[in-house]
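Okay, so here's the structure we're looking at.
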Amino acid sequence: MNASDTPPVIEISGLSRKFGQKLALNNVSLTIPRGRVFGLVGENGAGKTTLIKHILGLLRAESGSVRVFGFDPVADPVAVLGRIGHLSENRDLPPWMRVDELLRYTQAFYPKWDRAFAEELRKQFGLDPAAKIKNLSRGENAKAGLLIALAFRPELLLLDEPSSGLDPVVRRDILEAIIRTVAEEGRTVFFSSHLLEEVERVADDIAMMFAGKVVLTGTLDDIKDSHHRLVLRFESPQSAAPKIPGVLSLAGSGREWTAICNGNRPEVIAAVARAGGKVVAEDTASLDEIFVARAGAKAAGKE
Amino acid sequence: MQLHITTDGVPIYLQIANQVKYLVASGRLAPGEEVPPIRVLAHQLLINPNTVARAYLELERAGVVVKRHGSGTYISDNGSPLARKERLKILSQRVDALLAEAAHLHIAPDELLKLIKERHQAMPPEENQ
C-alpha cells in the first residue's frame, strides 16, 4: 500500500476557473498519490464538484494544468475515463432502464467489466434486476451508481459526495466499498465529502477547500498531529473572545474557552499567559474542529 | 476482539493501540492469541487498512504483539513488557477520580488510605490477596 515511489494518479497545478465573475477555483494545486484514499472536504459551493469535473475532463482548465494517469483528460479522454469509476453527485442514471439493462449497457463500455463481481455486488446491495431505475429509492439509486463504478475494478474510484442524503446503512456500504477498493493493491480512491467523521475514518490524505482555494492539505496523521485543542482558563470572566495571536478559533464564555491552534503551542501558551489565562487541558482536535477553525479563520480574513 | 472507534479527537490508530493494550492488561486478550488480520479489522471497524497497519506497527514496537512470518499477528507470549506499566496507568486514572471525589467530600488523603486498607481487610478471603 506504500506507493510513494510510483507517479501520482492525479496531478493538478495552478488550476483556476471562473464562472462569470465568480472565481470557482483559485490556483489549486494537488497531488493524489497511488494506492491511497484522498478525501476532499469543504462546504457546499467551495469548488469540490468543479474540481472533480476537471479531473474527468468535463471542464477544460482555463489556467493551470490537470493530469490524470499522466494524461490530459480533455485531450485524451479514452486514456483516462476507462480507468476511472465515477459516482456523480446527482446520480444521473437513465431512469427508463431496468437494473439488469443498466449493467449490460455499462458493461459494453468497459472491457475489464467483471460480471461475477457485478453480480456479487448486486446481491450484496439487494438490488432487484427487474426494477426500473426511476422506481429505486434514493439509497438504491446510490448503490446502483456505486455498483457500475466498481464492477470493472477501476484504478481510480472517484466519488462526489457519495454519502450525501443517505441513511447509515447505505453509507456503510459506501465506506465498505472505499475500504475494499484501497485494500486491493494499487487502487486509489478520491472522494469529496462534508461528513468529516467519515473522512477521518477512511482517508490517508486530505485537502480542505474554502471559497475555491485549498486552505490545508497533507496526510491526515500530520494534520491531526499538528493541530491542538487547548482549554484555557482566565483569571477574570471574558465578555468577548480574547485576542490571542496564533489561535485559529476560540469558543466559550466566562472564564473557560476552547482554542484550536496549529503547531505553535509554546507561542500560544505564552500569549495566553499575557492575556491573563492559562492552559488547563490539552488534546488532539477532531477533523471537524480543525475544519471549522480553518474555515472561520479564513472567513474572518485572519490567514 | 471488540474495539470501539470514535472520531472526536484522538487519532484512530492510537485508539486501536490503546484499546488492545487495555485488553491485554485486563486479561481479555491472552498471550499467544491471534488478533484479526489488517483487512478484517479495517472492514469490521470501517476504517482505512493503513490505519490498522499503523496501529499494529505501534503495538509491535511496544512489544505487545509479534508478527509471525507468513501467518499473522499474535499477542506476545511473555505478555507485554509494558503490561505492568499499562495496568498501573489504568489504575492511576481511577485513583485520580477517587482523590478528586475525596477532596470534594473533605476527606484527607491519609484518611482515604486508611479507608482503603479497612475495605481491603473487610473483603472475602478469596479476593483478599
Test: residue in region A:150-168 that is part of a helix (DSSP H, G or I), within 12 Å of chain B (Cβ to nearest Cβ) and either modelled with pLDDT under 90 or within 17 Å of the chain's Cα centre (by Cα) (or both): yes
When residues of region A:194-244 are limited to those that are within 19 Å of A:VAL272 (Cα to Cα) and not in a strand (DSSP E or B), the one nearest to the other protein chains (Cβ to nearest Cβ): A:SER226
Of all residues making up region B:33-48, the number that are touching a residue at least 40 places away in the same chain (Cβ under 8 Å) and away from chain A (no Cβ under 11 Å): 3
Test: B:ILE90 is of a type in the set (Val, Ile, Thr) and at pLDDT below 90: yes
Yes/no for A:VAL37 being in contact with a strand residue (DSSP E or B) (Cβ under 7 Å, 6 or more places away or on another chain), at pLDDT below 95, surrounded by 18 or more Cβ atoms within 10 Å (Cβ to Cβ) and within 14 Å of chain B (Cβ to nearest Cβ): yes
Members of region A:262-303 found to be assigned to a helix (DSSP H, G or I), within 14 Å of chain B (Cβ to nearest Cβ) and among the charged types (D, E, K, R), listed by number: A:ASP288, A:GLU289
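So that you can scan it fast, the table gives a plain yes or no per residue for (1) of a type in the set (Val, Ile, Thr); (2) without any contact (Cβ under 8 Å) to a residue 24 or more places away in the chain; (3) out of contact with any strand residue (DSSP E or B) (no Cβ under 9 Å at 6 or more places or on another chain):
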position	(1), (2), (3)
A:ASP100	no, no, yes
A:TRP113	no, no, yes
A:PHE117	no, no, yes
A:ALA151	no, no, no
A:PRO168	no, yes, yes
A:GLU184	no, no, yes
A:VAL189	yes, no, no
Yes/no for B:ILE47 being part of a loop (DSSP other than H, G, I, E, B) and under 27 Å from A:VAL199 (Cα atoms): yes
Filter result (surrounded by fewer than 23 Cβ atoms within 10 Å (Cβ to Cβ) and facing chain A (nearest Cβ under 10 Å)) within region B:50-63: B:ALA53, B:ARG54
Residues of region A:88-118 satisfying the condition of being within 20 Å of A:VAL170 (Cβ to Cβ) and exposed (fewer than 14 other Cβ atoms within 10 Å of the Cβ): A:ASN90, A:ASP92, A:PRO95
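Do you know which residues across region B:14-42 are within 16 Å of the chain's Cα centre (by Cα) and either under 15 Å from A:GLU198 (Cα atoms) or surrounded by fewer than 19 Cβ atoms within 10 Å (Cβ to Cβ) (or both)?
B:LEU14, B:ASN18, B:GLN19, B:TYR22, B:SER26, B:GLY27, B:ARG28, B:ALA30, B:PRO31, B:GLU33
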Of the criteria (1) of a type in the set (Asp, Glu); (2) modelled with pLDDT of 95 or more; (3) over 30 Å from B:ALA53 (Cβ atoms), which one A:GLU11 fails: (3)
Residues (of a type in the set (A, V, I, L, M) and farther than 30 Å from A:GLY47 by Cβ) located in region A:71-122: A:MET97, A:VAL99, A:LEU102, A:LEU103, A:ALA108, A:ALA116, A:ALA118, A:LEU121
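The values are calculated or read from the model by the stated rules, or taken from the named source; none is laboratory data. Remember, predicted model here, so these are calculated numbers, not experimental data. Cβ atoms come from the backbone with ideal geometry, glycine included; neighbour counts cover every protein chain shown.
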